[in-house]
Structures are given as C-alpha cells and as structure tokens.
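The values are calculated or read from the model by the stated rules, or taken from the named source; none is laboratory data. Being a predicted model, the structure only gives us computed values, none of them experimental. FYI the Cβ positions are ideal-geometry reconstructions off the backbone, even for glycines, and counts take in every protein chain you see. These accessible areas exclude ligands, DNA and RNA; they are computed on the full protein's heavy atoms, side chains included. Shrake-Rupley method; radii C 1.70, N 1.55, O 1.52, S 1.80 Å.
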Amino acid sequence: MKLRLPLILCLLCGLLMIIQFFIPHPPFTNMYERLLDWAIIIGIFAVVIGLSSLIKIHYTRIVRKTSDAPYSMVVFVGMIGMAIIGIFKGIDSKWFEWMFQNIQVPMQATMFSLLAFFIASAAYRAFRARTFEATLMLVTAILIMFARVPIGNFIWQNIMPDSITQWQPDLPNEIAGWILNVPSMAARRAILLGISLGGITTSLKILLGIERSYMGSGD
Amino acid sequence: MYHVFAIFFIMLSIIGQPKAQDQPLAAVTGLNVYDTPNDDGTSITITWELSKDDEKINNYVILRSISPSTGFETVGQVPAKTNKYVDEKDLIRDSDYYYKVKASDDKGSSSDSQVSGPVKPLAQWFNADYKFLGIAVIVFCGIIIFCIYRAKSGQDFFIRKIAGIEAVDEAIGRATEMGRPILYLTGLSGVSDVSTLAGLNILGRVARKAAEYETPILIPACDPFVMVVEREIVKGAHIDVGKPDTYKEDNIYFATDDQFAYVAAVDGLMLRERPAAIFYMGYFYAESLILAEIGNSTGAIQIAGTDADSQLPFFIAACDYTLIGEELYAASAYLSREPLLMGSLKGQDWSKLVIMAVIALGVILESFGIHWISFFFHLS
C-alpha cells in the first residue's frame, strides 16, 4: 500500500491534468486552478525544507571545524544579516536595497561574466580540426562569425575585389542565413521532435508506474 | 441698401453653415458578437467594420448591457484601426448580453453603432483547437502501450548503442578506482519538469551502481523538493543493494535557488572535492558552460544530458559525452535493460517513424498544391 497509494495518486492526477487540457468546461478549469493553488501552498514549505538543510549542513561544518568552515561562516553571516535587515527594516528599505544592489548583483554579474572566457576556451577545444566533423564545425563557425562580426562586413566591402562585391554584395550574410535557417534549423527541429516524444514517453512511464526510480524505492 | 442686405445675408449664410468637424462621426457597422469558441464560458468576442472616419477616431468604446435598449456600461476600449475585442469582464455563463460600439474622437464627438445581441457565453466540452493534439496523444500513447505490451509478452527489442550511456558505468568505475566522489547535478528546474524527472530516473541507476561500489555521490540541489526526492532515491539505492549504512544524507543538500550563486557553490565543490565523475542530467540554462568548463579543468570524466537545445553545444564542447535531447529520456531504460522500459523506448522510435511519415506526406501533398494536411495540423 505504501507503494501503491502514491502510484494511484500519480495516475489519477496525471490523467486529470491531461483531460483538463482538452476540456475547457468549468469543473475542469476550476479543478486546475485549485490544484495550482495547492502547488503554490506546498511550494511555500520548500523554503522551510531548503533552509533547514542549509543550516544543518553549514552548522555541522562549523562545529566539526572542517577546512570548509570559514565558507560556512560566510553563509551564516550573509543569511542572518540579510534576514535581520529584511525583517526589521523591510525589504523596500534603503539598507536592504543597498545590500542587494552592491553585494548580490555584482557577485552575480561576476559569475555571469566568466562565461565569456569559458566560451573562448570551450570554442578553442571544440574547433581544433582533428577530425572531419570538427573541421566542418570550424569552417561553419568561421563563416557565421565572418557574417555576424562587424569586421567581416568591412573586409567583404573594402578588401575584396569590386568585381566580387558587385556580383554578390551580401554573400557572407546570405551564407550565414542559409546555414542558420536550413541545416541548423532542421537539426534543431529534429531534436525538439525527439524531446517532445521523449517527454510523452517519460510521462506515460511515470503515470503507468513503469518508471519508479524517482520514488526512491529502487527497482 | 440692397447691397448691404445682400452682404449681410451672405455673411449669415457663411456663419450659419456647419463646420466640417462638427459633422457627426460615422458609426461602426457590421457589429458581430459571438460566444468565444473553445473557452470555459467566460468571454464574448465582438468584431466590427471600422468606421469610415477611422483616421479621426481616438478609440472605440465597447458598451454592454443585459437589456437591448437601456443600461449600457463601458467594458473596454481599443484604439483606432482595431476591429476586435474580447470581453472577459465579469460575465455570467448562459446569460444574455447586448453590445454596441461607440466610436469617439479626442474632441468629444462620438457615434454609437446599432445594438447587437443577445449572445450567451457558453462553456465548451472540448477544445477543438487541440483536436490534432488529442489524436496525436492517443496515437503515440497507443503505440507506446502496444510496445510495452509486446515487451511484457517476451519480445526482445534491438536498441541502438548510445555512447554517452555506455560510459556511465565507466565513469562510476573510474571514480571508484580513484577513490573520489561522483558529482551529480539535475539542473535548475523543479521536480515538475520532465527533464528533471528523467535526470532523477538516471540518478536511481547511477546511485545503485555507486552504492554497490561504496562510492559517495555528492548532490548539491537548487530546489528543496528535488533535494528531498534525490535523498529518497539514493537512500533507496543503498537499501536495495544491502548497504544502508553507507548512505550519507549530508552528501545531498540544498545549496541555493539563485542561478549564479548555485554556480559558485558547485564550482567551489568541484575544486575542493575533485570528483572523478560529473553528471549533468536535467535542464540547464546559461550556467551550463561555466559548470562544464570548471569540471573539465578538474580532469573529471563528464557526462551531460539535457533537453535544453540552446545549451547542447556548450555541453558537447566541454563534456566527454553528451546525451542529446531524447537520449536523456532513454537513458534510464537503457541502463536498467528492463523489458517494460525497453518496450516504451521502442514505442518512442515507432512514434518518431509516424511523425516522419506524416512530414513526408505533408511535403509531397503541399508540393502538389493539396493543403488539407496543413490545415488539419494548423493551431489557431
């Protein structure tokens, strides 16, 4: 029963959600709205679960004086500091706003800005022309970059012979457009079709109780 | 004297003539009101032909009443050059409503249309816009259930080799040999996302194998509910292989739900713990490349699987193996080799074949100017 009840609930809720998608009549729309309300209410408890996990992990590290303990101290200082100012001064207060704008936002921006450097390093590895596929990707990337960066257009218009630029004034953009709209788009749509079918199959496996790994019961 | 009278009358006639802007605005015509199709009976759609003075008009005001002659109240307004409005304001199902549209300019002039109605907002029992979607769901589910039934009756299915999934055992083995942990990430989505569920299903298989080898799995979660499910999965895997004492709850914890704070937490974990194998299975956003590049720099074997098509190139560039789209969903069945799960996988392949056949048929018919298949699959 411990296993069956969640499976029955899962099947019933899943079927109801599928049916309500196709039936816009009040009993089903009302039920959908009610279930969404429940999801929001349950979602609030996620804060309690998350917070308790966070406190437990970092408290244990501090008590055991592990090498990561200083980081855990930073977590507590940040968490308690923001909570105190938010509760006593309000989340619209200048203090809270100042801390958000001058501590959290710059830190987020710093992490995000790392992406630019990682794109360069990943591209360097991916574009090393060691195989036919990698060479193909390198050539495609060069063509796209040539069309999309301003210097590519400058080279085409000013350095290439007039006979070529007059014959095809916008050739780099046309090539890039074709690559993006035809082969790239075709591959992307094929992936999306597979994803959609995979999503249906996974949902069906869960609804029918064939896939139960997520319940933590193993096999 | 006659000249004076003549000039006086001419001036009077000029002053007395109505100015062009004083003429009433042309009212809208062709007012049509109808129950909005495929809804739950909470809206009425109003369409009209634009006034002949549309260029002078500031806006069209939509008026509604429960009586054809009195009690009209404003329910909304739209700017000039617009000839449609959907009224969703406090309508009662199965009640009669009358409408008229007032064309008004910014000088205060206005002109009412004829009253149209009565019309009742009605709730429909089937959304006809989704008819082909309904058929597709029935067909695909039918094919998948049929294949599951065939698998149940003992038929063996051939499934093509997927390098990324084949490498899962190798990655776990590597971590065991090196005596280092496995890092498993299920993305930034919640537990209601299908890709997260697929990632959790794979975690079940990975955790079982890791529990057999007594290799720890570290899982920093960004959603508390996902964390709870992950704990249950890993705990279940340890119990299943008869090693409940090797399960450590503290290895699976909530880090943060903020995207880049999560990235910082996971990157720090990678650099401190130096996991030998890293799995990225779920839905990822811009953090995918930062995580995968840091993981790459630690020398870990990395296997990614995501249905976020915009992040796939990053994972392909930075990871050793990548499960592309549907392979993420297939991984759980592939790893377990359970007949029922394999049957569902085969059903998915057959469904894909049906889609390919329909696309081919559509291309051929469209090429010959036959459009019914395009109209059938059109979503309004």
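Scanning the range B:69-85 for residues that are under 16 Å from B:LEU50 (Cα atoms) and either in contact (Cβ under 8 Å) with a residue 24 or more places away in the chain or out of contact with any strand residue (DSSP E or B) (no Cβ under 6 Å at 6 or more places or on another chain) (or both) gives B:ALA80, B:LYS81, B:THR82, B:ASN83, B:LYS84, B:TYR85. Within the range A:5-14, is there a residue that is in contact with a Phe, Trp or Tyr (Cβ under 8 Å, 6 or more places away or on another chain) and touching a residue at least 12 places away in the same chain (Cβ under 8 Å)? Among the residues of the range A:5-14, not one is in contact with a Phe, Trp or Tyr (Cβ under 8 Å, 6 or more places away or on another chain) and touching a residue at least 12 places away in the same chain (Cβ under 8 Å), which makes the answer no. Annotation: B:PHE368 fulfils all but one of (1) away from chain A (no Cβ under 11 Å); (2) among the aromatic types (Phe, Trp, Tyr); (3) touching a residue at least 60 places away in the same chain (Cβ under 8 Å); the unmet one is (3). Mind listing whichever residues of the range B:130-159 are open to solvent by less than 70 Å² (accessible area, probe 1.4 Å), assigned to a helix (DSSP H, G or I) and farther than 23 Å from B:PHE376 by Cβ? If the condition is that a residue be open to solvent by less than 70 Å² (accessible area, probe 1.4 Å), assigned to a helix (DSSP H, G or I) and farther than 23 Å from B:PHE376 by Cβ, then B:CYS147, B:ILE148, B:ALA151 are the ones that fit. Only one entry in B:ALA330, B:ALA308, B:ALA304, B:ALA292 is open to solvent by less than 20 Å² (accessible area, probe 1.4 Å), at the interface with chain A (Cβ under 10 Å from one of its Cβ atoms) and not in a helix (DSSP H, G or I), namely B:ALA308.
Does at least one position in the range B:265-275 carry a residue that is in a loop (DSSP other than H, G, I, E, B), in contact (Cβ under 8 Å) with a residue 60 or more places away in the chain and more than 7 Å from chain A (Cβ to nearest Cβ)?
Of all residues in the range B:265-275, those in a loop (DSSP other than H, G, I, E, B) come to B:274-275.
Add one more test, that the residue is in contact (Cβ under 8 Å) with a residue 60 or more places away in the chain, and what stays is B:274-275.
Going one step further and asking which of them are more than 7 Å from chain A (Cβ to nearest Cβ), we end up with B:274-275.
For the range B:265-275, residues in a loop (DSSP other than H, G, I, E, B), in contact (Cβ under 8 Å) with a residue 60 or more places away in the chain and more than 7 Å from chain A (Cβ to nearest Cβ): present.
Among the residues of the range B:333-362 satisfying the criterion of being within 8 Å of another protein chain (Cβ to nearest Cβ) and within 30 Å of B:TRP372 (Cβ to Cβ), which is most open to solvent (accessible area, probe 1.4 Å)? Result: B:LYS352.
Hey, can you tell me all the residues within the range B:269-289 that are open to solvent by 20 Å² or more (accessible area, probe 1.4 Å) and not basic (Lys, Arg)? Selection gives B:LEU271, B:GLU273, B:TYR283, B:TYR285, B:ALA286. Under the condition of being facing chain A (nearest Cβ under 10 Å) and surrounded by fewer than 24 Cβ atoms within 10 Å (Cβ to Cβ), which residue from the range B:199-220 is nearest to B:ALA171 (Cα to Cα)? The selected residue is B:ARG208.
Report whether or not B:PRO244 is away from every other protein chain (no Cβ under 11 Å) and either open to solvent by 40 Å² or more (accessible area, probe 1.4 Å) or out of contact with any strand residue (DSSP E or B) (no Cβ under 6 Å at 6 or more places or on another chain) (or both). I'd like the intermediate steps shown before the answer.
Numbers: away from every other protein chain (no Cβ under 11 Å): yes; either open to solvent by 40 Å² or more (accessible area, probe 1.4 Å) or out of contact with any strand residue (DSSP E or B) (no Cβ under 6 Å at 6 or more places or on another chain) (or both): yes.
When the stated conditions are applied, B:PRO244 passes them.
Count of the range B:69-82 residues, restricted to those that are exposed (fewer than 15 other Cβ atoms within 10 Å of the Cβ) and farther than 19 Å from B:THR45 by Cβ, is 3. Counted as qualifying within the range A:110-219 are the helices (runs of 4 or more DSSP H) with 3 or more residues that are facing chain B (nearest Cβ under 10 Å) and open to solvent by less than 50 Å² (accessible area, probe 1.4 Å), namely A:185-207.
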